[in-house]
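Here's the structure we're looking at; comments come further down.
Please treat every number below as a calculation from the coordinates, not as lab data. As the structure is a computational prediction, the values presented were derived from the model and not from experiment. Cβ placement follows ideal geometry from the backbone for every residue including glycine, while neighbour counts extend to all protein chains displayed.
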Amino acid sequence: MAQIKQLEAITSQLEYPVKTRAGFDRLVMIDSLVVKKTREAELKKQYSYLLTYQKSALQWAEKQGTLEEVLQAKLMLARFHEKMANNITAIQLGEELLNYEENLRPNQMADVVFLVANAYTKMEAYNEVLALEPLAEKYFTEENGYLKQGYTSAERIGMTYYSLRQYPKAAANFIKQADAYRVSGNQLMVSSMYHNAGLSFFKLKEFEKARKYYDTALIELQKPDGLGYVQVRDEEYKDYFKNVIEGSIGQLYFEEGNYEEALPYFLEEMKAATANNGISESRIVTKAYYNLAKIYFYKDEVNQAKYYLDLAFSSIDQFDDTESIILLHELRGKVLLRQNRTKEANIFFDRAKEISDSLEKQRLQRQDLLALAKYDVDVKEIALETSQREARLTEKIAANQWVAIIIIGVSLLLILFFLLKLQRDKSTIATQKTNLESSLKEKETLLKEVHHRVKNNLQVISGLLQLQTKKVDTPAMQKVLEDSQRQIHSMALVHQMLYQQDKYSLIPMKSYLEKLVGQLMYSLPGNTIETNIDVAPIDLGIDAAIPLGLLLSELMTNTSKYAFGLKGGSIKIELKAVEEANLSAKEYIFTYADDGVGLPKGYEKKFSETMGFRLILMLTEEMGGTIDIDGINGVHVTVQFKDA
């Protein structure tokens, strides 16, 4: 009640348009008390009017406020748009703010990463969510309010991999998170993570593993919470979640064709869903009815199937899972066909196809909007850099004008006419020097923009390849597209580092290789590979850095696919300079080694036959280097090359 009165007192004093710092501070307080803590539906219903005030606050901050206030205004606006499901606008504002990491407080950076990740998730841009993971790992801390008891990044990464349909990596992260929750004493979340692991193996059709983790989830759910853990869920919810797990076990029996075994689980799932309206969501109720309709259909009890289908259709008023609605229409069509009502069945089949086509169209539209949003962010970044460059140039010109006035004034008092003439000559030389420096600075900026645009174009190509992976059915083609994405990412990283530093022709290899290895570890299958990177402080030109990055990407991809079993292994990467290098070109040695199974006998004969070896040899030749490959006791690759 006190908080409501406080909020009413603040909102009653809002000014529009915002004209003062006091008015701006009131909006900051409302953002903290309302927007951050209000759910999407309630925000749309009660507080949508605040959007115009926040836009006004940004206009005031850009004209009269400090940089800190401008960033605060953009953060408030981005958060509001994300809560209102205006995902494209939220992404545009959030990506702008990510460029100001040095100016934002850690808790603000955590808020920005959180809202941008949420917006990308709603747009199904899960690779973009993974790309934000290093920032999430850095800023999602207990001090910033983003960690609950026992939580680690494994849960977040597991959910992202599950959405990307990379189920083995999803399961590994869920199991890792379960161990962390067990240490903290949170038995409900231990059970939830094992259930998620079971769902991942179910998607892989590894039913025995799925059953193992479902059974483990039930056992863990019955255990008491550990000492020191503060329980936040009551026993009623645990009973409900027990029925959810058993419903998943029922799905296993159904997929195996054991309909009589599956039926009791589905009946219990339905009872739990309909009896716990305060706990379960409408989508859970609809799913329970659908499962019963499905199993009665396959038991050839059409009337019972129709009964539960009617209940399912009547419960989807707030159901927003479009793919499940498609399944309901398809099952309705099958039931009508079984009743020899072909014409009516075709209506439902056509409706399912129509919804499916509409869903795919919406996904493509989201991808287009996302690409346009990224382009808009890049344009704004370039405009900002240009504006800052012009402001600096104006300040320099103004400063030079004052210096010239002072010099001329002093000269008139102290020196004769011939000294004044000499001073004017010096002033001309200084002006020419300033012009040359300005011209050089402009060329450097243009070069920086070129690298920036090349990086963005490579990211667009990567995004197109990501779209193609959803359209192909063969695992081999999917792997080819994924390998191509990793290679493009390694090239894009070079151009990104070039425009983020002052040396526009040299790449710091220590930083580049560490970032590249980090990206590859997130994208490659397997979670038990350890990396040891030993790179000297070496700067290489782009002609050497890009082939070296592609070579490392190919080697790590091969290691991930073929080198290790379930126990995993380690990789060692080194880059050193050769002391005896001549003056015209420095010489370097790159070493890559893993402790895996090594190469099969006679591998030397396959160098010119396999695509992987041919690519490695081609990249070595492009660097003008020599290569030595040893496949005994793991794979050891040494490349010696020069960089002019």
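What is the calculated FRET efficiency for residue 401 to residue 324, with r their C-beta to C-beta distance and R₀ = 56 Å, to the nearest 0.05?
E between residue 401 and residue 324, to the nearest 0.05, is 0.20.
Once label points are set 7 Å from the Cα along Cα→Cβ at both residue 615 and residue 530, what is their separation, rounded to one decimal in nm?
2.8 nm
Describe numerically, in nm with one decimal, the distance between label points set 7 Å from Cα along Cα→Cβ at residue 302 and at residue 55.
Each label point is offset 7 Å from its Cα along the Cβ direction, giving 5.7 nm.
Given R₀ = 35 Å, what would the calculated FRET efficiency be for residue 413 paired with residue 63, taking r from the Cβ atoms and rounding to 0.05? Before the final figure, lay out the partial values.
Values: r = 43 Å, r/R0 = 1.23.
My answer for the efficiency is 0.25.
Could you work out the relative contact order of segment 505-644? I mean the mean sequence separation of Cα pairs under 8 Å and 6+ apart, divided by the number of residues, in percent. Don't skip to the end; give the middle numbers.
Details: 232 pairs, mean separation 34.6, N = 140.
Normalised by residue count, the contact order of segment 505-644 is 25 percent.
Going down the list 203/515; 515/586; 176/515; 561/642; 223/567; 19/396, which pairs span over 26 Å between their C-alpha atoms? Spell out each step's value before the answer.
Values: 203/515 32 Å; 515/586 24 Å; 176/515 24 Å; 561/642 30 Å; 223/567 30 Å; 19/396 32 Å.
Correct reply: 203/515; 561/642; 223/567; 19/396.
With both partners inside segment 505-644, how many of the DSSP beta bridges are antiparallel, as a percent to the nearest 5? Can you show the working numbers first?
Numbers: 23 of 30 bridges.
Percentage antiparallel, nearest 5: 75.
If r is the Cβ-Cβ distance from residue 337 to residue 283 and R0 is 22 Å, what FRET efficiency results, to the nearest 0.05? Intermediate values should be presented prior to the final figure.
On the way: r = 27 Å, r/R0 = 1.21.
Calculated value: 0.25.
Can you tell me how segment 1-147 classifies by the Cα gyration tensor, rounded, prolate or oblate, using a/c under 1.5 as the rounded cut?
Details: a/c = 1.70, a/b = 1.45, b/c = 1.18.
Prolate is the answer for segment 1-147, as a/c is 1.5 or above and a/b outweighs b/c.
Gain in length, residue 579 to residue 22, computed as 0.36 nm per residue apart minus the alpha-carbon separation, to one decimal in nm?
Numbers: separation 557, 0.36 × 557 = 200.52 nm, distance 6.40 nm.
Once the chain is fully extended between residue 579 and residue 22, it gains 194.1 nm.
Take every Cα pair under 8 Å in segment 1-147 that's 6+ residues apart, average their separations, divide by the length, and report that relative contact order as a whole percent.
Details: 135 pairs, mean separation 25.2, N = 147.
Once divided by the residue count of segment 1-147, the mean separation gives 17 percent.
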